[in-house]
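Participant: Before we start, here is the structure in question, set down as structure tokens.
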Amino acid sequence: MNDHRETAPAIRDGHVLLFARNFFRHPRMLGSIVPSSRFLIRELLSPVDWTRARVIVEYGPGVGVITAEVLRRMRPDALLIAIETNTDFVAYLRGALTDPRLRVVEDSAEAVEEILCRHGAREADYIISGIPLGSMPGALRERILHATRAVLAPGGTFLVFQFTTRALADLKRTFDYVARKFEPLNLLPAYLFFCQTATAT
Ligand SMILES: C[S@@+](CC[C@H](N)C(=O)[O-])C[C@H]1O[C@@H](n2cnc3c(N)ncnc32)[C@H](O)[C@@H]1O
């Protein structure tokens with residue numbers, strides 16, 4: 001079940017250049033000049049139980065390096081909803097990743113509840129995020145974190161990577177448990193936060 005495909009779906013040549021070009025246009029929205037490394041992706045996805053993941057959401061897929069790996073690992077009947085604000089990335093992803101289990105939505109992560117609803121889902125088993133929570137306005141961060149908590153299924157996990165610990169206090173305030181890791185093997189070494197809510201006993 002885990003690896004029903006041998007290789008990740010194709011990401012076209014030129015994706016790194018597209019990412020870098022967009023970094024110079026929107027440095028605060030991207031936070032990094034290159035996409036995430038395979039080391040960071042592996043650590044970020046390490047807590048996922050692929051057998052139970054039916055609905056997965058990704059915030060800020062960029063040029064899809066994490067998206068492609070999630071598609072490679074996820075169940076044949078699972079749904080992946082990728083929410084991205086950047087029009088260039090949305091167009092690129094829709095052309096490069098044609099997997100029928102993927103929906104690419106051009107919107108901001110704060111709209112996750114309504115987006116899930118539109119796709120016939122009420123909650124998500126995993127929400128993966130690389131959006132720069134620490135450098136966005138506090139009110140926007142707050143709305144995204146509250147919407148995320150509202151749609152996270154019982155036992156679900158919010159998997160976050162950040163280049164600073166600035167968002168950590170808000171993550172701790174919003175979620176009941178936050179586990180931390182650090183991944184040095186990325187152009188910008190990254191903090192990983194795995195957030196969960198207490199499940200009713
Ligand atoms: C650090 S990049 C990560 C890209 C990709 N996930 C990776 O790991 O290489 C952050 C991405 O989040 C997107 N983004 C920023 N704010 C967002 C928001 N509020 N909602 C959805 N996407 C957002 C940016 O356009 C960018 O593609």
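Participant: Among the residues of the stretch 96-110, write down those that are near the ligand (Cβ under 10 Å from one of its atoms), open to solvent by 20 Å² or more (accessible area, probe 1.4 Å) and of a type outside the set (S, T, N, Q).
Facilitator: Across the stretch 96-110, the qualifying residues are E106, D107, E110.
Participant: While we're looking at this one, here's another question. When you scan the stretch 14-37, do you find a residue that is open to solvent by less than 10 Å² (accessible area, probe 1.4 Å), in contact with a strand residue (DSSP E or B) (Cβ under 6 Å, 6 or more places away or on another chain) and either part of a loop (DSSP other than H, G, I, E, B) or under 16 Å from Y126 (Cα atoms) (or both), even just one?
Facilitator: No: the stretch 14-37 contains no residue that is open to solvent by less than 10 Å² (accessible area, probe 1.4 Å), in contact with a strand residue (DSSP E or B) (Cβ under 6 Å, 6 or more places away or on another chain) and either part of a loop (DSSP other than H, G, I, E, B) or under 16 Å from Y126 (Cα atoms) (or both).
Participant: Would a scan of the stretch 32-49 turn up a residue that is touching a Pro at 6+ places or on another chain (Cβ under 9 Å) and at pLDDT below 95?
Facilitator: Checking the stretch 32-49: at least one residue is touching a Pro at 6+ places or on another chain (Cβ under 9 Å) and at pLDDT below 95.
Participant: Against the definition (open to solvent by 20 Å² or more (accessible area, probe 1.4 Å) and among the small types (G, A, S)), how does G156 come out, yes or no?
Facilitator: no
Participant: Within the stretch 62-82, how many residues turn out to be away from the ligand (no atom under 15 Å from the Cβ) and not in a helix (DSSP H, G or I)?
Facilitator: The total comes to 6.
Participant: Looking at this structure, is I127 of a type outside the set (G, A, S) and touching a Ser or Thr at 6+ places or on another chain (Cβ under 6 Å)?
Facilitator: yes
Participant: Do the conditions hold for Y59, that is, is it near the ligand (Cβ under 9 Å from one of its atoms) and within 21 Å of Y177 (Cα to Cα)?
Facilitator: yes
Participant: Still on this structure, I have one more. Condition check: at positive phi, modelled with pLDDT of 95 or more and open to solvent by 20 Å² or more (accessible area, probe 1.4 Å). Does G120 satisfy that?
Facilitator: Yes; evaluated as a whole, the condition is true for this residue.
Participant: Still on this model: Please verify whether the stretch 73-95 includes one or more residues that are open to solvent by less than 10 Å² (accessible area, probe 1.4 Å) and more than 24 Å from F193 (Cβ to Cβ).
Facilitator: yes
Participant: Residue pairs, Cβ under 7 Å, 6 or more apart or interchain, first in the stretch 162-183 and farther than 17 Å from I131 by Cβ, second within 16 Å of the ligand (Cβ to nearest atom) and hydroxyl-bearing (S, T, Y). List them.
Facilitator: R180/Y191; F182/Y191
Participant: Among the residues of the stretch 166-201 satisfying the criterion of being out of contact with any Ser or Thr (no Cβ under 8 Å at 6 or more places or on another chain) and of a type in the set (S, T, N, Q), which is nearest to L44 (Cα to Cα)?
Facilitator: So, considering only residues that are out of contact with any Ser or Thr (no Cβ under 8 Å at 6 or more places or on another chain) and of a type in the set (S, T, N, Q), the one nearest to L44 (Cα to Cα) is T197.
Participant: Can you name the residue in the stretch 123-147 that is touching a residue at least 60 places away in the same chain (Cβ under 8 Å) and outside any strand (DSSP E or B) and is also least open to solvent (accessible area, probe 1.4 Å) among such residues?
Facilitator: So, considering only residues that are touching a residue at least 60 places away in the same chain (Cβ under 8 Å) and outside any strand (DSSP E or B), the one least open to solvent (accessible area, probe 1.4 Å) is I144.
Participant: Right, here's the next one. I need the full set of residues from the stretch 44-94 which are touching a His at 6+ places or on another chain (Cβ under 9 Å) and of a type in the set (D, E, K, R), in order please.
Facilitator: Across the stretch 44-94, the qualifying residues are R72, R73, R75.
The values are calculated or read from the model by the stated rules, or taken from the named source; none is laboratory data. In this text, all values refer to a predicted model and were calculated from it rather than measured experimentally. Neighbour counts run over all protein chains shown; Cβ positions are idealised from the backbone, glycine included. To get the accessible areas, we keep the full protein, side chains included, count just its heavy atoms, and leave off ligands, DNA and RNA. Shrake-Rupley method; radii C 1.70, N 1.55, O 1.52, S 1.80 Å.
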